[in-house]
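Just so you know, all these numbers are worked out from the coordinates, no wet-lab data involved. All values derive from a computational prediction rather than experimental measurement. No Cβ is skipped: glycine too gets one built from the backbone with ideal geometry, and neighbour counts run over all protein chains shown.
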Amino acid sequence: MSKNYALSAQKRDRAGKGVARALRRSSQVPAVIYGDNKTPETVALPLKELTLTYQTGVMQTGLCDLVVDGTKHLVLARDVQTHPVNDRIIHVDFMRVGPKTEITVAVPVHFIDQDSCPGIKLDKGVLTVIHHEIDLICIATKIPEFLAVSLKDKKIGDPLKLSSVSLPSGVRAPKGSEDETLATIAAPTVYAAEATPAAAAAAAPAAGAKAAPAAAGKDAKAPAAGAKAPAAPAKKK
């Protein structure tokens, strides 16, 4: 579980497209806080602070201590909307969470122990990743930063399934996804071997033998061509 990150926001009393556009012009980002059986709150966050935090990737699975006018809210960013052209953040949905809140989160998958994998280390196999992230059902306060999948003792052709991974406490796989294949170890691509010097030397005489008759035939035709040529007439004195 990663450490919570912090953001600050100001409460806004009005909502609507006009208000949202005015906030963006002043380098603010409109947002909403909802959930936990409480009334939704509309807030605004500084664009620069929010962008720097978003670019670290922590908002994907990390919990946020969001301070609104001095009041702290434990929230999770459920939707971050960006501009389709310049990628500027234009709106954020924050969900309030508690110690018993369960949510489905896309958790990044990291593959470890490659040095202890005979399929890669000895047989020169290639790790083919199918899922770089996987949906998991987590208690909100126990969302893992990433899911570690060990490659220890894996051989070529061995599939790495979600069911073989030890999940942290408070985390479980959605029903029906236990047999999901996360990656496989594929055999290396084999290219045709280049001809060895010995093989090249053995092939050279055969090529020369085939070329000799052709050359001889060409020389044999030369006199015939010369015979057909008429003799030059003697010059009169």
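Peptide packing for 25-36, 106-117 was compared via the average number of neighbouring C-beta atoms within 10 Å per residue; ordered from the highest value, the list is 25-36, 106-117.
Here the gap between T101 and Q114, fully extended at 0.36 nm per residue and compared with their Cα-Cα distance, gives a gain of 1.1 nm. When the label point is put 7 Å from the Cα of V19 along its Cα-to-beta-carbon vector, which residues of region 53-86 have a backbone N closer than 17 Å? From region 53-86, the list is 68-69. Once the Cα-Cα distance is subtracted from the 0.36 nm per residue extended length, the H91 to T141 segment shows a gain of 15.6 nm.
Evaluating 6.51 cos²θ - 1.76 cosθ + 1.60 at θ = phi - 60° for every residue in region 165-182, the Karplus couplings come out as 9, 7, 7, x, 4, x, 10, 9, 7, x, 4, x, 9, 4, 8, 5, 7, 8 Hz, glycine and proline recorded as x. Applying 0.36 nm per residue to the separation of K175 and S27 and subtracting their alpha-carbon distance, the gain on full extension is 49.0 nm.
In terms of surrounding Cβ atoms within a 10 Å radius of their Cβ, K142, K152 rank from fewest to most as K152, K142. Assuming R0 = 30 Å, can you tell me the calculated FRET efficiency for the pair S163 and N4, based on Cβ-Cβ distance, to the nearest 0.05? Here the calculated transfer efficiency is 0.45. Site pair T51 and L127 shows an inter-label distance of 3.4 nm when each label is modelled 7 Å from Cα along Cα→Cβ.
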